[in-house]
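Read through the structure below, which is laid out as structure tokens, and then see the notes.
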Amino acid sequence: MDSADGESIHGWLASGIAGQGVVLLLHGVRADRRAMIDRARFLHAAGYTVLLIDFQAAGESPGKAITFGFREADDVKASLRYIRWQFPGEHVGIIGTSMGGAATILAEPEMEADAVVLEQVYPTIEQATENRLAIHLGPMGPWLAPVLLMTLHSHLGIVPEQLCPIEHIGHLAMPKLLIAGGRDRDTTIAESYAMFRAASGYKQLWVVHGAGHVDLCRYAGADYQARVLSFFATWLHGNAGQLLTAVH
């Protein structure tokens, strides 16, 4: 499949049971589709078709630079168009980790999916930058954030205001499962709660106690698999209509 600028997006597709649903798996920053293999394995074992992609400028996909979810949102849209073309009529889920979750949110209003799992997604690029500078440089680190953010436009052609998932998450109408690490310093628990409050419609928040900004699938293991499978079972081929009626 091709991205918005005509470059090819590389990925792996594993077909599952017809009618079970398709799940798009979106990796985080400075990673590639291999980071999502564990998720692909248990989802495929449950019958789902799974598509793992390399965002532009990651893995085997060409591209000029990582944009922290902004241009990666075009890759999400392209992947969803491909799924709709290849698997018409199937319900579609997404799991986006960190940047992958941000790209999912920033893909609205063209983000057509039936249920999404968003893991450890930053609210704003300002907060994300301040947190990471504090981790690496200590208390003085956040003071350097404005200087670093000023380079976004010159290096990437975007501005911080274009990287604010918290301003877009409320526009996503489909059911959402937000997952946060209880000890995450990159995306703090307070920021995850803020994202949850900003989300509209049916939503859940699961805090994985003790987890930092890590691969939550590997960290939580069977508990992660059970929660994600239950969520998708409900919204991709379960009794979602009655549940929505109940929560309203």
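A few comments on the model shown:
- The stretch 51-197 - percent relative contact order, Cα under 8 Å, separation 6 or more: 23
- Kirkwood Rh and Cα Rg combined as Rg/Rh, the chain: 0.95
- Probe 1.4 Å, accessible area per residue of the chain, Å²: 45
- Estimated from helical segments only, the mean residue ellipticity of the chain at 222 nm is -11000 deg cm²/dmol, where each DSSP H run of four or more residues counts as -39500 (n - 2.57).
- Eigen-decomposition of the gyration tensor built on the alpha-carbon atoms of the stretch 32-176 gives equivalent ellipsoid semi-axes of 29, 16, 15 angstrom, largest listed first.
- Percent breakdown of C-alpha pair distances by 5 Å bin, ordered from the shortest bin, for the stretch 110-248: 2, 9, 16, 18, 18, 16, 10, 6, 3, 2, 0
- The chain, relative contact order [Cα under 8 Å, separation at least 6], %: 17
- Across the stretch 143-216, the convex hull enclosing all Cα atoms gives 120 Å³ per residue.
- Accessible area of the chain belonging to carbon and sulfur atoms, whole % at 1.4 Å probe: 55
- Beta bridges by DSSP in the stretch 1-125, antiparallel share as percent, to the nearest 5: 30
- Burial order of peptide ranges 154-166, 132-144, 38-50 (average beta-carbon count within 10 Å, highest first): 38-50, 154-166, 132-144
- Degrees between helix 72-86 axis and first principal axis of the chain (Cα, 0 to 90, nearest 10): 10
The values are calculated or read from the model by the stated rules, or taken from the named source; none is laboratory data. Owing to the predicted nature of the structure, the values given are computational and were not obtained by experimental measurement. Quick reminder, even Gly has a Cβ in these numbers, built from the backbone with ideal geometry, and neighbours come from all protein chains shown. The protein model used for the area step is the full one, side chains on, heavy atoms only, and it has no ligands, DNA or RNA in it. Shrake-Rupley method; radii C 1.70, N 1.55, O 1.52, S 1.80 Å.
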